[in-house]
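Comments concern the structure below.
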Amino acid sequence: MSRLDSVLSAIDDINNQDPNSVSFDGQTQPKELVYGRQMSRCQQQYWPEASEYLQIAARAQHIKRWFLKRSEFEAGKAGYLAWRKEQGKYHARLTSELMQANGYSEEEITQTAVIIRKERLRHNPDSQALEDIACLVFLQYYFDEFAAKHSEEKIVRILQKTWKKMSVKAQDIALTLNLPEHLAALVEKALAP
């Protein structure tokens with residue numbers, strides 16, 4: 001087994017412990033295990049030339065996400081952003097340990113941590129690709145559930161913010177996704193001039 005496969009397998013082993021589950025492909029599965037695999041599938045489909053570091057970052061985007069609970073941070077936007085930032089640091093730290101155990105150099109580990117923390121978006125192609133993959137996975141697998149819980153106004157606003165974070169490549173891919181009619185209409189409304 002290659003060092004890349006060993007790290008991806010180690011990430012899956014951790015995410016397989018998620019106490020939260022989802023129904024996917026007709027089975028109840030650990031939530032973050034499913035998410036990590038969805039991220040990898042999206043990366044392989046649209047960024048097949050991805051570096052090892054981006055491949056690891058995509059799978060580790062939510063590694064052990066249940067560990068830092070949202071409820072441990074302030075309510076509201078400031079608390080949410082603080083929680084997200086700490087999650088990024090935690091995911092990068094945990095992934096760094098797995099990479100170190102599998103023979104990656106400090107430089108390789110640092111490069112991957114930068115991607116996981118999504119540092120230098122727009123300037124680091126791998127960080128931007130990870131952001132793009134996360135946005136596409138959201139639209140494909142989580143948008144419907146999210147839309148059912150929020151007002152149209154909030155959804156349109158979030159779609160507009162999401163769209164601005166995406167590269168032109170990811171925007172073009174998003175426009176080809178086969179979304180249900182009600183979700184496609186929300187995207188159309190968000191992108192209207």
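Key figures
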item	result
Which listed residue is touching a residue at least 40 places away in the same chain (Cβ under 8 Å) and under 22 Å from GLN61 (Cα atoms), from ILE173, ILE158	ILE173
Failed criterion for PHE138 (all others in (1) more than 26 Å from LYS189 (Cβ to Cβ); (2) hydrophobic (A, V, I, L, M, F, W, C); (3) in contact (Cβ under 8 Å) with a residue 24 or more places away in the chain hold)	(1)
Only one of ARG93, ARG120 that is at pLDDT 95 or above and basic (Lys, Arg)	ARG93
Tally, over the stretch 45-79, of residues that are touching a helix residue (DSSP H, G or I) at 6+ places or on another chain (Cβ under 6 Å), at negative phi and of a type outside the set (Ser, Thr, Tyr)	16
Matching helices (runs of 4 or more DSSP H) fully within the stretch 103-176 where at least 2 residues are in the same structural domain as ALA60 (by TED's automatic domain parsing) and surrounded by 14 or more Cβ atoms within 10 Å (Cβ to Cβ)	106-116
Among the candidates GLU32, GLU52, residue that is farther than 23 Å from GLN171 by Cα, surrounded by fewer than 19 Cβ atoms within 10 Å (Cβ to Cβ) and not polar (S, T, N, Q)	GLU52
Qualifying position, being at pLDDT 90 or above, over 13 Å from the mean Cα position of the chain (by Cα) and farther than 24 Å from GLY36 by Cβ, among LYS149, LYS164	LYS164
Those residues of the stretch 35-49 which are buried (at least 20 other Cβ atoms within 10 Å of the Cβ), polar (S, T, N, Q) and farther than 19 Å from PHE143 by Cα, in sequence order	none
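The values are calculated or read from the model by the stated rules, or taken from the named source; none is laboratory data. From a predicted model like this one, the values you see are computed outputs, not experimental measurements. For neighbour counting, all protein chains shown are included, and Cβ atoms are generated from backbone atoms with ideal geometry for every residue, glycine included.
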